[in-house]
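Below you'll find the structure I mean.
FYI, it's all coordinate maths here, none of it is from the lab. The structure presented is a predicted model; accordingly, all values stated were derived computationally and were not measured. Virtual Cβ from ideal backbone geometry, glycine too; neighbours counted across all protein chains shown.
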Amino acid sequence: MARIAVFGGTGHAGSHIAAEARLRGHHVTTVSRHPAQGLADHAVGSLQDDTLLDRVASTHDILVVAIPGAGDPPLVDVVPQVMRAAAAHDARVGVVGGAASLRVSPDGPRLLDTPDFPPEYRTEATVHASVLETMQQDTSGARWFYLSPAAMFGAPLSIASTGAYRTSGDVLLSDEQGVSEISGADYARAFLDEIERPSHENTRFHVAR
């Protein structure tokens, strides 16, 4: 079983990933800026703490990054140190990514660049697009994957789990009605499947129902 650390383990994606990992018998440590009641193996801290990051990387097989992109500092600013720490200890990095950098069709624009993209999500989306670019250009030697969810994803949406998912590379998946969505539980299943059976090494892939 893998030793998995989930930075942002109390958020929507992070908590689902942690729960799915525990269900499958993995050892899970959650990390967040604040104490979490009722969670065993929880550490208080952040990716900005180099000492904590190095210690976690040295004692875990997988570093899951499930924190917002537009934080303080922006996630893109701390990605290089995450990659260096992972490379130094042969840990793999898995990032809960964004959907906005996906193309709406094989030859189409990114979702972020479409005219109807909601302006209130632009900052978060732009930062996450930069996170992906930074990882793609990384030279540390770290092993990683970046998993973009469907366009509709998040706690406020209450999307029902189906127990199944579809995958794509850089093109947004939608159903017959043009809806692109996935539940937290199904996203976590895809994330853990990639941890247990790596098939997207050093690349981004996408999952939707």
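Taking the 0 to 90 degree range and rounding to the nearest ten, how far is the long axis of helix 184-196 tilted relative to the main principal axis of the chain, both from C-alpha atoms?
Once rounded, the angle reads 60 degrees.
Mind checking the angle between helix 50-59 and the chain's longest principal axis? C-alpha axes, 0 to 90 degrees, to the nearest 10.
90 degrees
Testing the spin-label approximation: label points 7 Å from Cα along Cα→Cβ at residue 185 and residue 46. State their distance in nm.
Between residue 185 and residue 46, the simple spin-label model gives 3.3 nm.
Here's something else I'd like to know. Per residue of the chain, what 222 nm ellipticity follows from adding -39500 (n - 2.57) for every DSSP H run with n ≥ 4, rounded to the nearest 500? Please list the in-between numbers first.
On the way: 5 runs with 65 residues, N = 209.
Computed mean residue ellipticity for the chain: -10000 deg cm²/dmol.
Mind checking which of 84, 122, 197 has the largest fluctuation in a GNM of the chain, springs on alpha carbons under 10 Å?
The residue with the greatest mean-square fluctuation here is 197.
Which one, 196, 176, 124, has the greatest fluctuation when you compute a Gaussian network model over the chain with C-alpha springs under 10 angstrom?
In this elastic network of the chain, the residue with the biggest mean-square fluctuation among 196, 176, 124 is 176.
Quick one: if you stick a label point 7 Å off each Cα along the C-beta vector at residue 197 and residue 168, how many nm between them?
Between residue 197 and residue 168, the simple spin-label model gives 2.2 nm.
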